[in-house]
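Single-structure report; data block below.
The values are calculated or read from the model by the stated rules, or taken from the named source; none is laboratory data. Being a predicted model, the structure only gives us computed values, none of them experimental. Cβ atoms come from the backbone with ideal geometry, glycine included; neighbour counts cover every protein chain shown. Only protein heavy atoms, including side chains, enter the accessible area calculation; ligands, DNA and RNA are left aside. Shrake-Rupley method; radii C 1.70, N 1.55, O 1.52, S 1.80 Å.
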Amino acid sequence: MKKSIALILLIAAFFVAVPEARAADGDVKLWSSAPLVWNDFRAEPLLADGPAYIATDIRLTTDRSTVDGKESFTMRADAVMYPERSYASEAERTPERLRYFQTQFDLTEVLARRLQEELASGMNGIEADSRLNYYRDLLKTQSRTLADETLNGTDEIKLQQCEYQLRRRLEELGEIGVPQVVPSRFRYGLFAGTGAVFSTGPLSDYFSSAWDFTFGLLGSWRRISLEGSITYASPSIGEPTLTETKYLTGTERYHANVKNANYLAIGFNAGYNVVDTKKFTVRPFVGGMWTSFSWTARPVTSASSDENVVFDGLQQRMMVDDFNVTFGCTFEWHFHSVVTNFPFLGSMREEYISSLRVSPYAVRGVYTDADRHFGGWQIGFTVAYSGVGRALGFK
């Protein structure tokens, strides 16, 4: 048990530490701080007579704070230059070359402001990461185009044209506001999927394992989650002479007239997110589940045998059920998010997150309402799609 807890904490620390490690990339120069100077190029050239190089990028920063007791965040896209990764030999440090690098930096700022326009609409999370990657790829493509058109800055006329176009674009975009987003602590959603449930112990003698289908609703407050689900399966009947207690009053013997039973499970559980990152969630849970097996059977004549069943009479519906404990763990991978452009439920805009979730679980079943008492654990797993929404407020 202690090893399991330590492993979960180690995984949580990894998911938290990796984004922070990626964010830290040494000293940077912001486009908004000042124009480039040669002192900003601090790295040593790879070759004494090699070409100069500037390392620029679009950086996405999330700042978290508290507004009126509620958690909030702002997302800012900045054009940055990395002095420790940019270099130029003494022969390369000419005013013309610096103009060319400044033009590259201006291009980075244009794309950063375009991303900031989208962030100002409330976009965040996975969607923001996706758009950041899009603009970074676009920066690489347009930087190569700039180099080709200006011959790496040596074509004075083309360089002037590019400078003019970028400066005009910067004026058109202007300063983009950075809104403060206040997400709701409450989330709601649904999930649907399929999986399998495996019978163990004496239970497996009466009903087989089977493929199942699950639908559920969920709600969460911060890291605490509540879920309700309904599951259906069609296991094979192992003991066709199993008879519900209420049909044991007469002398009639019953035999199942179908090969498969109907398995229905309705459950609820409470869970806690031990790992809760932008892309992953790990949530152990415990709760209760009502499970039932139902099938139809008909009376058989005294001449019937296991090899030759002769039915005589109307069919009856048999059922055994139980309410017992269930527990398991849900692993979620969040692969997409989107923010609505208008209020959907209520007066605030909504953020919707799509996830793929895998939930291994176990549920106990003890069935005593038949002529033979039996029980066992049902071990199962569910692979499902889930969609979760939350309200977003803006300051």
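Can you tell me the equivalent ellipsoid semi-axes for the range 196-274? Use √(5λ) from the Cα gyration tensor, largest first, whole Å.
Over the Cα atoms of the range 196-274, the ellipsoid semi-axes are 35, 14, 11 Å.
Translational diffusion of the range 81-239 was estimated from the Stokes-Einstein equation, with Rh taken as the Kirkwood radius over Cα pairs; at 4 °C and 1.567 mPa s the coefficient is 60 µm²/s. Rounded to the nearest 20, the size of the Cβ-charge dipole of the range 59-169 about its Cα centre is 100 debye, with Lys and Arg at +1 and Asp and Glu at -1. Between the alpha-carbon centers of the range 354-379 and the range 132-175, tell me the distance in whole angstrom. Their Cα centres are 63 Å away from one another. Separation of the range 61-103 from the range 179-243 is 48 Å, based on Cα centroids. Which residue, Ser33, Thr150, Gly177, has the largest displacement toward the positive end of the dipole of the range 32-180 when charges sit on each Cβ (Lys, Arg +1; Asp, Glu -1)? Comparing the listed Cα positions along the dipole, Gly177 ranks first. Please work out whether the range 114-206 counts as rounded, prolate or oblate from its C-alpha gyration tensor, where a ≥ b ≥ c are the square roots of the eigenvalues and a/c under 1.5 means rounded, while otherwise a/b larger than b/c means prolate and anything else oblate? Because a/c hits 1.5 or more and a/b fails to exceed b/c, the range 114-206 counts as oblate.
Within 15 Å, Cβ to Cβ, of Ile379, how many net charges do the neighbouring residues add up to if Lys/Arg are +1 and Asp/Glu are -1? Value of the local net charge: 0.
How long are the three semi-axes of the equivalent ellipsoid for the range 155-225, computed from the Cα gyration tensor as the root of 5 times each eigenvalue, in whole Å, largest first?
The answer is 62, 22, 9 Å, longest axis first.
Dipole magnitude for the range 125-166: computed about the Cα centre from +1 point charges on Lys and Arg Cβ and -1 point charges on Asp and Glu Cβ, it is near 120 debye.
Starting with the highest mean, order 373-380, 149-156 by the number of other Cβ atoms within 10 Å, averaged over the residues of each peptide.
373-380, 149-156
Taking every alpha-carbon pair under 8 Å whose residues sit at least 6 apart, the range 186-231 reaches a relative contact order of 41 percent.
Assigning unit charges at the beta carbon (Lys, Arg +1; Asp, Glu -1) and nothing else, what dipole magnitude in debye, to the nearest 20, does the chain show about its Cα centre?
Here the chain has a charge dipole of around 740 debye.
Per residue, the Cα convex hull of the range 316-395 amounts to 174 Å³. Model label points for Trp211 and Thr241, set 7 angstrom from Cα along the Cα-to-Cβ axis, are 3.3 nm apart.
For Rg and Dmax of the Cα atoms in Å, the candidate list reads (i) 32.1, 108; (ii) 31.4, 138; (iii) 32.7, 98; the entry that matches the value derived from this model is (i). Of the GluC sites (Glu not before Pro) found in the range 26-113, not one falls in a DSSP loop while having at most 13 other beta-carbon atoms within 10 Å. State the extension gain, in nm to one decimal, for the chain segment bounded by Thr296 and Arg76, taking 0.36 nm per residue of separation less the distance between their alpha-carbons. This chain segment gains 72.8 nm when fully extended. Of the peptides 51-61, 132-142, the order by per-residue mean of other Cβ atoms within 10 Å, starting with the highest, comes out as 51-61, 132-142. Expressed per residue, the C-alpha convex hull volume of the range 32-148 stands at 120 Å³.
Could you work out the Kirkwood radius for the range 95-148, taking every pair of different alpha carbons, averaging 1/r and inverting it, reported in Å? Write out the running numbers ahead of the final one.
Numbers: mean 1/r = 0.0828 Å⁻¹.
With all distinct Cα pairs of the range 95-148 included, I get 12.1 Å.
In terms of packing, defined here as the mean over residues of other Cβ atoms within 10 angstrom, the peptides 29-41, 325-337 line up highest first as 325-337, 29-41.
Across the protein chains, with a 1.4 Å probe defining accessible surface, the residues Asp276, Asp148 rank Asp148, Asp276 from largest area downward. Take every Cα pair under 8 Å whose residues are at least 6 apart in sequence, average their separation, divide by the length of the chain, and the relative contact order is 14 percent.
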